[in-house]
1. Where in segment 173-215 does the amide nitrogen come within less than 19 Å of the point 7 Å from the Cα of Ser148, taken along Cα to Cβ?
2. Considering only the other residues whose Cβ falls under 12 Å of the Cβ of Val118, what net charge follows from Lys and Arg at +1 and Asp and Glu at -1?
3. For Gln47, what is the net charge nearby, where nearby means another residue's Cβ is under 11 Å from its Cβ and Lys, Arg count +1, Asp, Glu -1?
4. How long is the gain from Glu184 to Met1 if the chain were fully straight, where each residue apart is worth 0.36 nm and the alpha carbon distance is subtracted?
5. Just how far, in whole angstrom, is segment 1-58 from segment 166-213 if you go by their alpha carbon centroids?
6. Nothing charged except the Cβ atoms of Lys and Arg (+1) and of Asp and Glu (-1): what's the magnitude of the dipole of segment 145-189 about its Cα centre? Round to the nearest 20 debye.
7. Would you mind computing, in nm to one decimal, how far apart the modelled labels at Leu103 and Asp158 are, each placed 7 Å from Cα along Cα→Cβ?
8. Could you work out Rg/(2.2 N^0.38 Å) for segment 176-216, with Rg from alpha carbons only?
Amino acid sequence: MTRLLIVDDEALVRAGLKMILESADDLEVVAEAGDGADAVDMVRKHQPDVVLMDIRMPRLDGLAATRDVQALPDPPKVVVLTTFDLDDYVFRALQAGASGFLLKDTPPRELVQAVRVVAAGDAMLSPAVTRRLIGHFAANGRNDRQRSAAERLTALTDREREVLAAVGRGLSNADIGRELFMSEATVKAHVSRVLVKLNATNRVQVAILAHEAGLLD
């Protein structure tokens, strides 16, 4: 059973998310919080496996709460919930240690699957949202950034570059395995090596590098 904490300042949103998530036999909402400060307390008290974290909240927003949660011993996975009108906030939350992000209007079945993916140790990147983030942060200084990204990618093997390109398109480890004819465990090992070689902390950062280096053109 995967234990969940829902963090959102709107009670109606929390209720809707709880109803959707607990429709799955393997998911249990163990606590809710209306702001980031309460979220950190709830993580300490209930030790959830996954936290669904809103961005804009009173007292302590989702960015600060994500940083505080990730600083705890054995922290849970954090998934950022967004209406996607604040790209920079989403990116900063990922830099703070979030494992992925979801739009608040994600269909119920996709929401449940996303939580399962994150709980299993993978990162959840919606391809549509990934493209928007990449476009937003790669728009300025493209030539210099492209040269810099290409130089960083020279440390990768050909296979790692193939995996990186697939990550850049927003594919999950399972999807990459099917596309490149590898086991999911092998894909996960390749992704881990790519993150280390590129000194990146999450899949969004390497997806942006893939875009800037021209792998997705």
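The values are calculated or read from the model by the stated rules, or taken from the named source; none is laboratory data. Keep in mind it's a predicted model, so treat the numbers as computed, not measured. Using ideal geometry, Cβ is built from the backbone for each residue, glycine included, and neighbour counts are taken over all protein chains shown. Ligands, DNA and RNA are stripped out before the accessible areas are found, and what is left, the full protein with its side chains, is counted by its heavy atoms. Shrake-Rupley method; radii C 1.70, N 1.55, O 1.52, S 1.80 Å.
1. Counting backbone N atoms under 19 Å from the label point, the list is 195-215.
2. +1
3. Numbers: positive: Arg3, Arg44, Lys45; negative: Asp49, Asp74.
That works out to +1.
4. Values: separation 183, 0.36 × 183 = 65.88 nm, distance 2.17 nm.
In short, 63.7 nm is gained.
5. Rounded to whole Å, the Cα centres lie 28 Å apart.
6. Working: 8 positive and 7 negative charges, 45 e Å.
The dipole magnitude comes to about 220 debye.
7. That separation, rounded to one decimal, is 3.8 nm.
8. Taking N as the residue count of segment 176-216, the ratio is 1.20.
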